[in-house]
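The values are calculated or read from the model by the stated rules, or taken from the named source; none is laboratory data. Predicted, not measured: the structure shown is a model, and the values here were computed from it. Glycine also receives a Cβ, built like all others from the backbone with ideal geometry; neighbour counts cover every protein chain displayed. Heavy atoms of the whole protein, side chains included, go into the accessibility calculation; ligands, DNA and RNA do not. Shrake-Rupley method; radii C 1.70, N 1.55, O 1.52, S 1.80 Å.
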Amino acid sequence: MRLPHRDPIRLGPTAYEVFQEREGIPSVTGFFIEDLMDVEVKPWARMGALGSFLNLGEQQETDAYICEIPAGKQTEPQRHLFETLVYIHKGRGATTVWFEENAKQTFEWSAGAIFAIPLNVAYQHFNVSNETVRFLGGTNAPHVINLFHNDDFIFRNPFQFRDRFRPEREFFNENKRLTVRSWESNLVPDINEFALDDYPMKGRGVKIMRFGLAGTTYGCHVQEFPAGSRSTFHRHGPGAVVCVTKGEGFAMVWREGEERTRFEIKSGSIYSPGDLMYHGHFNTGHGTMRHFAMRGRSPKHSQDRFRTKLHEMIPFDEEPPDVHPMYLEELKRKGVKSEISVVEE
């Protein structure tokens, strides 16, 4: 028998909730956002841009945010002791990072790029185009803020992680394969073009790459599902944030004893299953579907290497019997070849 979901215990506002209230920008809750371009953003004084928090999945291990930089503008310089991953959804620009003012390093980016802010370096984002930039940031701020609950320590700490960032021109050009399906990089220019590794144990044509970015311990990966492909249902702890970067389909989530919920997904859709919430990914388009997922630890700084425990997966032949026929019917309706390869997450 699988362990049941546990209801949260409320003891008043957490340090993270108090911090977020002071930030003064909207917060989106729930499990799903249809299109990150439609998220309402408001002036964000600390960032010096427009923003909105995404507090998805009913958890305080990680969070995410949408940041919008108007044409020709830039964010305020800042640094902090929580990890940050960035996915550029729209626009182009540059980011400058530094320990000392006279040793700044700048790298350029455009839509599709992912990178991490090295821990506790000062940084600033610039929109160098005549259109709006909008990006998704993922952080472990809730965990860090609740752990230390001291703004001076988190935002004004002078310690320099010299093992995380070297102020050298070549830093953001470094790329290295760690092993099959694992890559170490400081900047990936376009995750929809990055060559992924085959993942034959997950299904025919399925591909994946796990990334460690700029020495961060926060993990992320890009996964590709060919047309007519879907995953089995699986679950894990809280904190995963998934953003679709290419293709279309649907995601389905539920907890034992609760009704299943289906979300239609496309490029720009974001979803985050809650703690011990089963979820599956379904490609219903004629082409490949890719998503960028922020979850767990980076490949180099992880013990389990993202392997989902077998007892947290539902074998294909044990899932609710109406799911797969529904998927086949959807493929038939769209004229997608129904030769299915099932991805066992």
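Structure above, values below:
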item: Sole residue being closer than 24 Å to Pro77 by Cα and modelled with pLDDT of 95 or more, chosen from Glu40, Glu34; result: Glu40
item: The listed residue being in contact (Cβ under 8 Å) with a residue 24 or more places away in the chain and over 15 Å from the mean Cα position of the chain (by Cα), out of Val86, Val97; result: Val97
item: Matching strands (runs of 3 or more DSSP E) fully within segment 10-104 where at least 2 residues are hydrophobic (A, V, I, L, M, F, W, C); result: 49-56, 63-69, 84-90, 92-98
item: Segment 109-146, residues that are in a loop (DSSP other than H, G, I, E, B) and either within 20 Å of Asn173 (Cβ to Cβ) or not β-branched (Val, Ile, Thr) (or both); result: Ala111, Gly112, Ala113, Pro118, Leu119, Asn120, Val121, Val128, Ser129, Asn130, Glu131, Asn140
item: Some residue of segment 61-69 being at pLDDT below 95 and under 16 Å from the mean Cα position of the chain (by Cα); result: yes
item: Subset of segment 37-67 [touching a Gly at 6+ places or on another chain (Cβ under 8 Å), of a type in the set (Asp, Glu) and surrounded by fewer than 19 Cβ atoms within 10 Å (Cβ to Cβ)]; result: Glu58, Glu61
item: Out of Thr284, Thr308, Thr288, sole residue that is at pLDDT 90 or above and closer than 20 Å to Asp198 by Cα; result: Thr288
item: Scope segment 255-286; condition closer than 30 Å to Ala111 by Cα and of a type in the set (Lys, Arg); matching residues; result: Arg262, Lys266
item: Unmet requirement for Glu256, which otherwise passes all of (1) at pLDDT below 90; (2) buried (at least 21 other Cβ atoms within 10 Å of the Cβ); (3) of a type outside the set (Val, Ile, Thr); result: (2)
item: Residue match in segment 312-333 (condition: under 19 Å from Asn55 (Cα atoms), open to solvent by 30 Å² or more (accessible area, probe 1.4 Å) and at pLDDT below 95); result: no
item: Residue among Gln74, Gln78, Gln105 that is at pLDDT below 95 and within 29 Å of Glu168 (Cα to Cα); result: Gln105
